[in-house]
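The values are calculated or read from the model by the stated rules, or taken from the named source; none is laboratory data. Quick caveat, the model's predicted, so the values are computed rather than measured. Positions of Cβ are generated from backbone atoms using ideal geometry, with glycine treated the same way; all protein chains shown enter the neighbour counts. Just so you know, the surface numbers come from the protein's heavy atoms only, side chains and all, with ligands and any DNA or RNA stripped out. Shrake-Rupley method; radii C 1.70, N 1.55, O 1.52, S 1.80 Å.
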Amino acid sequence: MIRHLLSGGDLDAATATQILDTAAEMATVAGREVKKLPALRGRTVVNLFYEDSTRTRISFEAAAKRLSADVINFSAKGSSVAKGESLKDTALTLQAMGADAVVVRHPASGAAHRLANWVDGSVVNAGDGTHEHPTQALLDAYTMRARLGRLAGLSVAVVGDVLHSRVARSNVLLLSTLGAKVTLVGPPTLIPVDIAQALAPGTGVCYDLDTVLPTSDVVMMLRVQRERMNDSYFPSAREYARRYGLDGPRMRRLPEHAIVMHPGPMNRGMEITPEVADSPRSTIVEQVANGVSVRMAVLYLLLGGNNS
């Protein structure tokens, strides 16, 4: 098992499969009356979040607590960061406090890699700028495997704001490693030139959503990240929804077994309509539940599983 989880590209097929298999075992804990395992008793996990987060932060906190770890939640707001403390000084402070693992989310791409050089414990990247979000890719892969029974050979369309999406980058790297065929779909302004081949040779690019729907096993809709947009990437929200939004008629063009995913939070009515988001094909709520199991598996294997 690797020491840090910084990128979807850090995982080979065997390691990724080990995490998914361990997550399946961890999922059984959620059905128990007492949802706790003693695996990480005495270990300290720090959630170091420099950006707003609901799902990811709570998911990592729940995962660590279910493994009996001590959890410290650090928010940049109201901390010494607001007084000008650097990431390195914060890292050294956490190191002095004996953090065994640091889960970090930061607006700067590459922040997790820098942090890994400054602390002795394991670092888990919970999203760095527009770079990567590997545990989201793992929980997406887990959800696909649970619903469809396999990953190898699946046709996955990742649709929307690829330019600003760390989820898209991690999913391309991980799913390609596990044998899926990924196609990036969106307006030309939101798909970086040569990104597909730079991430994983064989990844497709398409600018027409309707073309890929009939052959897709999975459609993963991405949130339009307006907070990261300084320019006009498309004429209007209505035009974007007309060309790249997933609505009822488009959903009905999918194969009967196909599923619809979204990493959240959603812009309902823009990239996905309520009819689709709340349909039986949607795995959005499952993804949140599976996220806890996958993050339990990651923390267990980084901190405990390879020492047992």
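Here are the numbers:
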| quantity | calculated |
| --- | --- |
| Any helices (runs of 4 or more DSSP H) falling wholly within segment 1-100 and containing at least 1 residues that are under 19 Å from S293 (Cα atoms) and open to solvent by less than 70 Å² (accessible area, probe 1.4 Å) | 13-27, 55-66 |
| Set T189, T203, T177: member being of a type in the set (S, T, N, Q), in contact (Cβ under 8 Å) with a residue 40 or more places away in the chain, more than 22 Å from I272 (Cα to Cα) and out of contact with any Ser or Thr (no Cβ under 6 Å at 6 or more places or on another chain) | T177 |
| Matching residues, segment 13-29, being touching a helix residue (DSSP H, G or I) at 6+ places or on another chain (Cβ under 7 Å) and among the aliphatic types (A, V, I, L, M) | A13, A16, I19, L20, A23, M26, A27, V29 |
| M296, sole failed condition from (1) touching a residue at least 40 places away in the same chain (Cβ under 8 Å); (2) in the same structural domain as V156 (by TED's automatic domain parsing) | (2) |
| Exclusive hit being in contact with a Lys or Arg (Cβ under 9 Å, 6 or more places away or on another chain) and at pLDDT below 95, set S59, S68, S75 | S75 |
| Residues of segment 181-211 that turn out to be buried (at least 18 other Cβ atoms within 10 Å of the Cβ) and part of a helix (DSSP H, G or I), as a count | 4 |
| Residues of segment 9-20 satisfying the condition of being free of Cβ contacts under 8 Å to residues at least 24 places away in the same chain and farther than 11 Å from L138 by Cβ | A14 |
| Top-ranked residue in segment 150-165 [being at pLDDT 95 or above and open to solvent by 10 Å² or more (accessible area, probe 1.4 Å); ranked as nearest to R243 (Cα to Cα)] | S155 |
